[in-house]
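The values are calculated or read from the model by the stated rules, or taken from the named source; none is laboratory data. Bear in mind that the values here come from a model prediction, so they are computed numbers and not experimental data. Ideal geometry is used to build each Cβ from the backbone, glycine not excepted, and the neighbour counts take in all protein chains shown. Just the protein is used for accessible areas: all its heavy atoms, side chains included, with ligands, DNA and RNA removed. Shrake-Rupley method; radii C 1.70, N 1.55, O 1.52, S 1.80 Å.
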Amino acid sequence: MESIASQNWHNAFAAAFRKRVASELLKHPLAELKRSYSIPGDAIAGLLLSFRARGGAADDPLLFRYTRLFLDERYISTSDILSALLARTTILESRLGSEHNAVASGLPSCEERMFNLLAEIHMAQNMTVTRVQLYKTVQAIVKWLLVISEHQYNRQVESAGLDPLDVHLFSMYETLASLTIAIFGQASFRQVTAQPWWEKRRPIVVRGMQNFDAQVLQPMHSQFSGRLAAMTAIPPFVDTDASGRPVVSPEFILQYISQDITITPSPSRAGLYIWLHACLYARPMTDDLAVLSYLQNRYTGDNQSLTLQLIHAAFDVLTSHLVRGGQPHEVLLIRSFICNKLPVLLSMLATFTGHGTIEVCIQNAFLAVAMDPIPPISAGSSDATDTLRRARLDFLHACVMHGVATESIVNAVVQGISTTIPKVVKYSKDGLTSQCTNNIGRLESLVRELPIGNLCANKDTMSLKTVCNALVKRVPDIDIVLQHTQPAMLLLPLCTVLNDWVHDQDQSEFTPAYEEYAAVFLFTLAVLHRYGLQTRDIGFVANEELSHLLNGQISGTTSSELDTDRSQQLGRWLDGLFATDDQGETGGIGDEVMRRCPPQAFYNLVPTLLEQSVLACRLGQLPVTTFKSGLELLLEPFLLPSLVVGLLWVAEHSWEDHDDVDILLQILDKLLRLSSTAVETQTMHKAVLDIVAEPLACSLEDLVRRRPDKAAASGMLTLLRQRADTTRCGESSKSTYDQWAKEQSMDMHLRAIVRDMTTWAAKTTPAPPPHYDPRILHAVISTHGESHALESIATEIQQIPYANRPASLDVATSLLSSPDTASITLRHQLHMLVNNTQALLDMPAVRATTLVQLSRSVEAQLAVQQLEVPVNLPVQQSTDQIMQELGMADPSAAPLDVHADEGHNEPINLSDADLTAALGPGVGLDVNLLQPLPNLGINAMQVDESQDFFADLDMSLAQQQASSQLPVQDTTMSTLGTSNQEDDIFADLDMGGGLGDLDFNFS
């Protein structure tokens, strides 16, 4: 039963409305009613709002006049009105496709008029509040902000972002923003920091304001857009120091700097050319999903532009190498990407865009690819043109094989040149595995697509020897293999075999086992060396001995440091290599020596073996001729890979401290100059020289500078320099660096790249791309450091004409987004710089703005995506003339009908947007997205523990209980005038003493 007091108030309101009593005439009657029947302010507000209009009718003007009177007379407060209004609102109950209770007359809603009324009072600074009222006011405003944010969020979700603007809601939202600013924006509101509950509740208030601004005001382009978010960056919504100055967060500083950003990067042909060039230059980094993820971020779902510019970039990279006379292997690598990898990527895109769209893009792409990049009278022009045309034709043939182009498109692109689609073999993994299993000799001609994993899993070391001996002849061709796989897929099985190698001492002979270990070890080490990899880079944890060998951690161990087994093994090897008979002949290495020493153990003994032998020669205990004769055995295939360990020990050995220069030079002369004519031995020896050439050459250069009289060292240097530049780690050789340095400073080279690429991107006619070498980034970083490199890039962007600034920003973004190590280093430095907000504030505003924008652009392009392909995709296969040029085609295989798989590859009719959906949300970017709000029911907006965002503080204020029930029409009034322990919002505060009115009049 509701109280008699509430009944009397309700009857008084009903009579006043019915008799149309003016508000000023109610002052004295209401004062008498208040003295006789006192009820809380929230109950009064609830009773008053029970007389609001329903069913879309216009509200009685007296309702707002009475509300103003009650506020002026302090019968009710702002929080009472807001809470009662929220508990009874119906305007937010609408869902997409349903009618809401808009005012039929077109007048503002009750909510809007109440917000306006309260805003007017507070802006006139005519409102004094108590501590309790202050708390309740903040609570009520934030509840309104959260409820409306959730409402708009749900509407957008239901409509997929296509919800039309509701004029009535638009106006109400703006008046709520005005009210929030009128209260929270007053200078005296800063005194709220003295309240015990503010520190804990400030984050909730700030989040409510930011969400309302981002989710409601900004999408509807309100005049208040951005103002609530801006308020959260000043006191009392931020911390202050001891002097009262705001402690500004790094996020706010970045937001402040970002206000000056007026341009956005525009995907340019030059940007993708830089990125793809870096992917192909060092170790190929062309994983299917990684490439598509990056491209999807770059083109944000525009798959037609993606396809066009991807084809352009591939041919631009090829053109650049041809124009500047690139090495044949580099040209072959790029042609392989164009003809073998690019069609696979396009076939994956075709599952989203449709094969017809890809086909049109292929045809249009070649309209902007120049087939004659070098003027006709220039040297090499015809070769470059022929290579480009062959690459174009091979690419088109591969596209036909993958079902993304038809013969008619091929004829249209080549413009009438007679062409016939060749019947070539379409390799598959299963087919190659079967061929290699049945005929191990077939491996020699199929070194690109090898089932190494199966051989390793079966511990078939004899077959692995054959495989690795075939592969070590063509280590550079692994560049093409890695366009289709990762180094770990190739190397992990081999490293596992080496790590788990079983040395069976019961076998009859041991030379074959040593040969098998040597072949696997040398090929594994050759690949690791070529790409500058360590075992940790491929995710492999080896035992200590193997880890030292594969990672080049070479160190000699003195004989006193060896344990008994190792010391005995060393003694046997020394005897076998250098002990002589009466005729001066060495005894050689017998099975007994190898029986007691596994191959891995011998390799680790080699530095100690050489060190002890050199010492013996220096002391006259071992003749040099005998020493050199014994070294002949290390040039045999079963021991030859141990030269890597031995020669690296020589490279790290001091030329000055041991007085053994002449002895070491004789060792090098013996080991570097191979006399054997056996093909297998020569192949393995060349692989060894490729691995040791660079460190050994550096060591000899140091010797030549110190001892110019050592002519033998100069001759060895000439030999080593021929093998020194065999790695693909992205770093330039010393000669290349010196040439760049003669032309201009390294930072000017970097600035020229940004400038020239931007100029080329602005051209509207086909033109060869400017020269770009990804190694320049490494050179700049090694010479000037990461910070200077970033400064050079930012400086050049600032000097680009404004019209070309988007393209220059895209060029710079691509430089930092590339997968090579130099770009990764620069990205890390940029991240650290942008996070150092004090450094940003100390630098010129234009520089800081450029760096912040560059950082955001890089993060956006590198957001991690997960591509879930909805259909079975073609296996990555070698398909074109390049296979025949490399001798990899199977002449005995039956011709393959290029249309045989058309049914399997039937395109799915999906829009471009499906690719964005399949890629899923990005990972790795710090984006402040609005989180879904709790489900706050509008019809159940009573203040209880489950919905009170201040409930966990258990702050409640005892209110008087009521017992009588009013016969009111609004069923939501059933709880008015009552309270429970859950509503006691100040329970944990000391309410004793002077809780009088405070001067919170916001003046």
* To do: Taking a cut-off of 25 Å between Cα atoms, list the lysines near residue 143, but don't count ones fewer than 8 places away on the same chain.
  => 200
* For the range 247-361, what Kirkwood radius comes out of the mean inverse Cα-Cα distance, in Å? -> 16.1 Å
* **Burial ranking of peptide ranges 748-760, 76-88 (average Cβ count within 10 Å, highest at the top)** => 76-88, 748-760
* To do: Name the residue farthest towards the positive end of the dipole of the range 617-702 from the options 629, 700, 619, assuming +1 on Cβ of Lys and Arg, -1 on Cβ of Asp and Glu, about the Cα centre.
  => 629
* Asked: Which of the peptides 719-731, 175-187 is most tightly packed, and how do the rest follow, judged by the mean count of other Cβ atoms within 10 Å per residue?
  -> 175-187, 719-731
* Asked: Among 314, 205, 299, whose Cα lies farthest out toward the positive end of the dipole of the range 204-348, if unit charges sit on the beta carbon of Lys, Arg (+1) and Asp, Glu (-1)?
  -> 314
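Give the dimensionless ratio obtained when the Cα radius of gyration of the range 582-737 is divided by 2.2 N^0.38 Å. Kindly include the intermediate steps, with their values, before the conclusion.
Working: Rg = 16.2 Å, N = 156, 2.2 N^0.38 = 15.0 Å.
In units of the 2.2 N^0.38 Å rule of thumb, it is 1.08.
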* Structure fact -> Per residue, accessible area of the range 567-709 with a 1.4 Å probe, heavy atoms of protein chains only, in Å², comes to 42 Å²
* Could you pull out every one of the lysines with an alpha carbon less than 24 Å from that of residue 27, ignoring same-chain neighbours closer than 8 positions? => 19
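Over 25 Å between Cα atoms, which of 465/734; 710/734; 628/710; 341/734 qualify? Each step should come with its number before you reach the end.
Working: 465/734 36 Å; 710/734 23 Å; 628/710 19 Å; 341/734 33 Å.
Exceeds cut-off: 465/734; 341/734.
If we sort 41-52, 733-744, 379-390 on the protection proxy, mean other Cβ atoms within 10 Å, highest first, what's the order? Show your work: numbers first, answer last.
Values: 41-52: 23.3, 733-744: 12.8, 379-390: 15.2.
My ranking of the peptides, most packed first, is 41-52, 379-390, 733-744.
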* Environment charge of residue 663, counting only residues whose C-beta is closer than 12 Å and scoring Lys/Arg +1, Asp/Glu -1 -> -2
* Over the range 168-324, what lengths in whole Å, largest first, do the semi-axes of the equivalent ellipsoid take, defined as the square roots of 5 times the eigenvalues of the alpha-carbon gyration tensor? -> 49, 20, 13
* Structure fact -> Expressed per residue, the solvent accessible area of the range 225-372 in Å² (1.4 Å probe) is about 34 Å²
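Under 10 Å from the Cβ of residue 237, count the other residues' Cβ atoms, weight Lys and Arg +1, Asp and Glu -1, and hand me the total. Please list the in-between numbers first.
Details: positive: 190, 202; negative: 239.
Summing Lys and Arg as +1 and Asp and Glu as -1 gives +1.
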* If the viscosity is 1.306 mPa s and the temperature 10 °C, what Stokes-Einstein diffusion coefficient in µm²/s follows for the range 663-738 when Rh is the Kirkwood radius over Cα pairs? -> 118 µm²/s
